[in-house]
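What follows is a short report on a single structure.
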Ligand code: NAD
């Protein structure tokens with residue numbers, strides 16, 4: 001392990017453009033467990049961006065011409081190479097993102113697995129009408145070159161899903177990870193060398209200005225973005241100038257609703273897994289829990305027990321199960337939301353205040369005594385702090401959730417599965433679940449609605465989002481006279 005940490009501290013991280021590794025400008029990368037810089041990553045210049053777009057444009061027709069099966073073969077080989085470098089990638093992932101090393105390993109394996117699963121999809125042309133004088137076919141073409149911009153909460157995974165979704169369809173891509181977590185993704189660019197043709201996958205890095213320059217670049221045919229809602233709105237606005245398609249995966253304020261006959265244990269397990277692990281920095285984490293008033297105490301106590309079972313520490317500390325919040329801005333936001341919750345009469349059943357140590361550590365926190373109208377209930381906290389909210393009217397809860405700005409996911413916890421499915425159908429969210437919360441499956445589409453985004457990710461729906469539909473009508477000569 002130590003040799004990988006030393007290697008990470010000494011390595012030089014470069015962009016991958018047109019099959020070459022390049023960089024001229026650099027900026028610091030911060031270790032969230034200390035708050036201090038531990039490495040540097042390139043900042044793409046305007047010339048780097050132009051070169052990446054030009055390379056992607058040159059490479060695209062040849063990549064598309066390989067056909068689905070050969071593209072899939074190359075992508076699967078790339079996935080195997082990611083698995084082979086799993087320890088190295090996990091080390092970087094933990095150093096830059098903060099999560100425990102074992103969890104980073106899971107993220108790396110899941111990244112490879114999602115590449116495998118997504119590259120098995122095929123979008124096939126269809127004959128819509130076949131008559132003696134007329135044939136109408138539906139044909140799917142790659143859009144061309146995709147700009148992909150990823151966030152910091154799951155850097156490798158979220159970026160690479162964009163990559164495989166675009167590449168399997170015959171597009172080429174320019175990917176930019178978050179400036180807060182660029183290193184593991186930059187390494188994926190290096191790993192792709194010799195595995196994918198030059199120009200097919202270009203990885204550049206840089207911050208807000210680089211992202212904005214990508215979105216304003218005329219050489220792209222689509223923008224695929226995962227990140228915050230305000231940035232998503234800015235991207236949609238710029239893209240409208242080009243009438244260019246976008247897929248936006250944005251924020252959420254995902255609710256879990258317990259019914260009187262629901263399993264508290266199942267709900268608590270899901271809430272901890274999504275809302276505490278990775279410090280709740282998971283777009284579809286359970287971010288608020290509605291329970292019947294007489295169950296508030298028992299749910300809060302059991303969730304607090306799960307919270308207290310986490311071992312907080314640097315991601316390389318043996319036994320650590322929870323790392324720091326990824327960055328200072330997010331840490332400050334979580335601290336402010338906790339203060340606000342206290343001011344609104346919230347009771348901290350566990351945690352509640354940042355740890356007195358360097359880095360951005362905040363313990364898993366359970367809050368009762370709040371209701372809608374308080375920041376912790378109304379906003380996306382994106383941190384390890386969950387409110388347990390009492391209700392006495394299930395219809396009122398559904399109405400409150402549906403009236404909110406976001407619509408990413410929500411879950412219902414009850415034993416009557418038929419009634420649960422009916423309730424789930426009333427929630428205005430892209431993905432609703434009964435007795436489960438937002439279990440991502442790349443074979444299942446992930447629709448993005450309201451302030452949570454636009455378009456669909458994953459499965460064939462996601463792949464079609466990187467393609468253009470063409471309809472071709474073929475008439476027999478003289479057919480018009482019939
Ligand atoms: P962010 O919007 O600050 O940054 C995301 C990316 O956009 C970064 O790469 C950044 O450099 C870039 N960027 C910033 N300003 C830009 C601009 N004006 N134009 C183009 N690019 C720009 O988001 P974040 O804080 O990194 O991510 C956290 C957010 O992501 C949370 O709100 C979370 O809910 C959301 N998220 C959503 C999903 C989902 O599937 N819906 C998944 C993961 C994260």
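All of the numbers you see were taken from the coordinates with simple rules; none came from a lab. Here the structure is a predicted model, which means the values were calculated and not measured. For neighbour counting, all protein chains shown are included, and Cβ atoms are generated from backbone atoms with ideal geometry for every residue, glycine included.
Among DSSP beta bridges lying fully in the chain, give the percent that are antiparallel, nearest 5.
Details: 33 of 69 bridges.
That works out to approximately 50 percent antiparallel.
What percent does the relative contact order of the chain come to when contacts are Cα pairs within less than 8 Å and at least six residues apart? Don't skip to the end; give the middle numbers.
On the way: 1130 pairs, mean separation 87.4, N = 482.
Value for the chain: 18 percent.
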Residue 139-residue 84 pseudo-label distance in nm [points 7 Å out on the Cα-to-Cβ vector]: 3.8 nm
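Provide 321, 172 in ascending order of the number of other Cβ atoms located within 10 Å of each residue's Cβ, fewest first.
Details: 321 17, 172 29.
Ranking 321, 172 by Cβ neighbours within 10 Å, fewest first, gives 321, 172.
Determine, for each peptide in 290-298, 163-171, 151-159, 264-272, the mean count of other beta carbons within 10 angstrom over its residues, then list the peptides with the highest first. Don't jump to the answer; show the numbers that get you there.
Working: 290-298: 17.6, 163-171: 27.3, 151-159: 24.2, 264-272: 20.2.
The most tightly packed comes first, giving 163-171, 151-159, 264-272, 290-298.
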Per-residue Cβ neighbour rank within 10 angstrom, fewest leading, 476, 414: 476, 414
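Taking the highest mean first, how do the peptides 385-393, 128-136 order by number of other beta carbon atoms within 10 angstrom per residue? Each step should come with its number before you reach the end.
Details: 385-393: 21.6, 128-136: 12.0.
Taking the mean over residues of other Cβ atoms within 10 Å, the ranking is 385-393, 128-136.
Listing 460, 48 from the residue with the fewest other Cβ atoms within 10 Å to the one with the most, what is the order?
Working: 460 17, 48 24.
The order, fewest Cβ neighbours first, is 460, 48.
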Segment residue 77-residue 208, length gained on full extension (0.36 nm per residue, minus Cα span): 43.9 nm
Among beta bridges that DSSP assigns inside the range 255-434, antiparallel share in %, nearest 5: 15 percent
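Would you work out if the range 1-120 is rounded, prolate or oblate? Take a ≥ b ≥ c from the square roots of the eigenvalues of the alpha-carbon gyration tensor; rounded if a/c is under 1.5, else prolate when a/b is larger than b/c, oblate otherwise. Each step should come with its number before you reach the end.
Values: a/c = 2.72, a/b = 1.27, b/c = 2.14.
Oblate shape, in that a/c is at least 1.5 and b/c is the bigger or equal ratio.
For the range 137-246, just say rounded, prolate or oblate: build the C-alpha gyration tensor, square-root its eigenvalues into a ≥ b ≥ c, call rounded for a/c under 1.5, and beyond that prolate if a/b exceeds b/c, oblate if not. Write out the running numbers ahead of the final one.
Details: a/c = 1.75, a/b = 1.03, b/c = 1.71.
Cα axes put the range 137-246 in the oblate bin.
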Paramagnetic reach from residue 474 (point 7 Å along Cα→Cβ, amide N under 15 Å) across the range 100-127: 125-127
Cα gyration tensor category, rounded, prolate or oblate, for the chain with a/c compared to 1.5: oblate
Pairwise label distance in nanometres, residue 131 with residue 294, each label 7 Å out on the Cα-Cβ vector: 6.6 nm
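Over the range 255-434, what per residue volume does the convex hull of the Cα atoms give, in whole Å³? Working shown, then result.
Numbers: hull volume 19.0 nm³, N = 180.
That works out to 106 Å³ per residue.
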Cα-projected label distance for residue 422 with residue 356, points at 7 Å along beta-carbon direction, nm: 5.5 nm
